[in-house]
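Q: Below: one structure in structure tokens.
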Amino acid sequence: MESELHSIGELARASGLGVGTLRYYDGAEVLTPAWVDPRTGYRWYRPGQLADARLLARLRRVGLPLAGIRAVLGAAPGGGEAARVLDAHLRRLEDGLVDARRELSVIRAMADQREQPMTTDPADPGRTVPRFAVPRFTVPADGLAAALDAVRFAVGDDPDLPALAGVLFEPDGPVLRLVATDRYRMAFAEAPATGDAPEQPVAGTIVPTPLVDALRALLGPGATEVALTLGGGLVRAEAGGHRVEGAAPDLDYPDHRAVARLEPEHRVTLPAADLRAAVETGATRTLPSGPHGADCEVTVLTLTGDGRLTVAADPAPEDVRLAVNRDFLLDALAAGRPEQLVLELGGPIAPLAIRTPGRTGTFSVLMPVRLP
């Protein structure tokens, strides 16, 4: 038999994979040898497995995760699954490159600011602020109000995590992105923004919770647009002849970009009122999964084989199920008061994304609860 097979050493040399790497992928059930000598434990591979090993080596070079490698090598011929996995990975790489360029631009601007640290605040000529961080934006009042309403529920209140006690305001070209999280949930929203582009890319500004609420109160019926000045440790908003301002903390906000790029396996569109009623009246479980390990009521969302989304305490084994904090889910459903929802599920340990059709940049993400 051995004369018809490649030894693990031969396969390693021919594919460019190390012997230890081949052993790892055997244990991960990705590239399993055709025969293992019961006496020595030595691995032997069929000649046809050389092509799989060479493909595996290339997939490793482009950083495809283990689950993706397994999907590509196990894809049925002509099914298109391998192409879908590779396309999704390419999008992640492209998004990561965009993020890296943005971060490096901000880093370069911060380094430049060390050499030329101060300039005049365009909204207050008597005040000086860091040169790279004085952008002034004009945002429709109703658009900013809707964005604040969509993220306010997810703001953190843990005194040990002061960076989360506010909303991140992040300029991104023609939009102003808002992000809030308490680690158990994260909310995103966007509002259109116009104004003079700053000389350098601008990092996000954390607007503390009291200032967020004061800004929201400013956006009443009489306000049509709001002028925002962010940077230099200052937040200033002017609308309808009134102004609020305050200090922004000098803290680093958690990286939110990876959470925003989920790859769901299932999408379900349904009326928001229907899902809200099902959650409010449906069965729950009490589990120690709230903040600081406190008990909380957990809702189990179930996607049945025929595509129906239900709330069930004991779903069938073949159904897709995802458990989330019931109160957090109701908060997310109420945010922005949407009429229709798109729920994106990736499995029992993947986050749940809740989107509103037509508002690409506005959505919520809930972390799953592990069921016993």
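The values are calculated or read from the model by the stated rules, or taken from the named source; none is laboratory data. All values derive from a computational prediction rather than experimental measurement. Glycine also receives a Cβ, built like all others from the backbone with ideal geometry; neighbour counts cover every protein chain displayed.
Q: Could you list all residues from region 208-228 that are under 27 Å from Pro159 (Cα atoms) and polar (S, T, N, Q)?
A: Scanning region 208-228 gives a single hit, Thr209.
Q: Looking at Ala258, Ala214 in this structure, which one is in a helix (DSSP H, G or I), at pLDDT 90 or above and either not assigned by TED's automatic domain parsing to the domain that holds Thr360 or not hydroxyl-bearing (Ser, Thr, Tyr) (or both)?
A: Answer to the selection: Ala214.
Q: While we're here: Of the residues Gly336, Gly346, Gly358, which is of a type in the set (Gly, Ala, Ser), closer than 26 Å to Leu178 by Cβ and in contact with a helix residue (DSSP H, G or I) (Cβ under 7 Å, 6 or more places away or on another chain)? Can you show your working first?
A: Details: Gly346 fails: in contact with a helix residue (DSSP H, G or I) (Cβ under 7 Å, 6 or more places away or on another chain); Gly358 fails: in contact with a helix residue (DSSP H, G or I) (Cβ under 7 Å, 6 or more places away or on another chain).
Answer to the check: Gly336.
Q: Go through Ala53, Ala83, Ala57, Ala67 for me and flag whichever is free of Cβ contacts under 8 Å to residues at least 12 places away in the same chain and in the same structural domain as Thr21 (by TED's automatic domain parsing).
A: On the way: Ala53 fails: free of Cβ contacts under 8 Å to residues at least 12 places away in the same chain; Ala83 fails: in the same structural domain as Thr21 (by TED's automatic domain parsing); Ala57 fails: free of Cβ contacts under 8 Å to residues at least 12 places away in the same chain.
So the residue among Ala53, Ala83, Ala57, Ala67 that is free of Cβ contacts under 8 Å to residues at least 12 places away in the same chain and in the same structural domain as Thr21 (by TED's automatic domain parsing) is Ala67.
Q: Give region 128-163 a look and list any residue that's polar (S, T, N, Q) and modelled with pLDDT of 90 or more, or say none.
A: Pass one, region 128-163, residues polar (S, T, N, Q): 128, 138.
Within region 128-163, Thr138 is the sole residue that qualifies.
Q: Moving on. What tally of residues in region 233-246 results from selecting those that are at pLDDT 90 or above, hydrophobic (A, V, I, L, M, F, W, C) and farther than 20 Å from Thr194 by Cβ?
A: Residues meeting the conditions: 1.
Q: Does Val106 satisfy being at pLDDT below 90, part of a helix (DSSP H, G or I), surrounded by 14 or more Cβ atoms within 10 Å (Cβ to Cβ) and among the β-branched types (Val, Ile, Thr)? Walk me through how you get there before you give the answer.
A: On the way: at pLDDT below 90: yes; part of a helix (DSSP H, G or I): yes; surrounded by 14 or more Cβ atoms within 10 Å (Cβ to Cβ): yes; among the β-branched types (Val, Ile, Thr): yes.
Here the answer is yes, as Val106 does meet what is asked.
Q: Residues in region 319-356 that are part of a loop (DSSP other than H, G, I, E, B), within 15 Å of Ala189 (Cβ to Cβ) and of a type outside the set (Lys, Arg): how many? Lay out the reasoning, then the answer.
A: As a first pass, look at region 319-356 and keep what is part of a loop (DSSP other than H, G, I, E, B): 319, 335-339, 346-351, 356.
Now restrict to residues that are within 15 Å of Ala189 (Cβ to Cβ): 335-338, 356.
Right, trim to of a type outside the set (Lys, Arg) and you get 335-336, 338, 356.
Looking only at that region, the number is 4.
Q: Out of (1) assigned by TED's automatic domain parsing to the domain that holds Ala217; (2) at pLDDT 90 or above, the odd one out for Leu230 is which?
A: Going through (1) assigned by TED's automatic domain parsing to the domain that holds Ala217; (2) at pLDDT 90 or above one by one, Leu230 breaks only (2).
Q: Could I ask something else about it? Considering only residues of region 269-312 that are assigned to a loop (DSSP other than H, G, I, E, B) and of a type in the set (A, V, I, L, M, F, W, C), which is modelled with the highest pLDDT? Please lay out each step first, then the result.
A: In the first step, residues of region 269-312 are kept if they are assigned to a loop (DSSP other than H, G, I, E, B); the result is 282-284, 288-290, 294-295, 304-308, 312.
If we keep only those that are of a type in the set (A, V, I, L, M, F, W, C) as well, we get 283, 294, 312.
Numbers: Ala283: 90, Ala294: 80, Ala312: 82.
Among those residues, the one meeting the criterion is Ala283.
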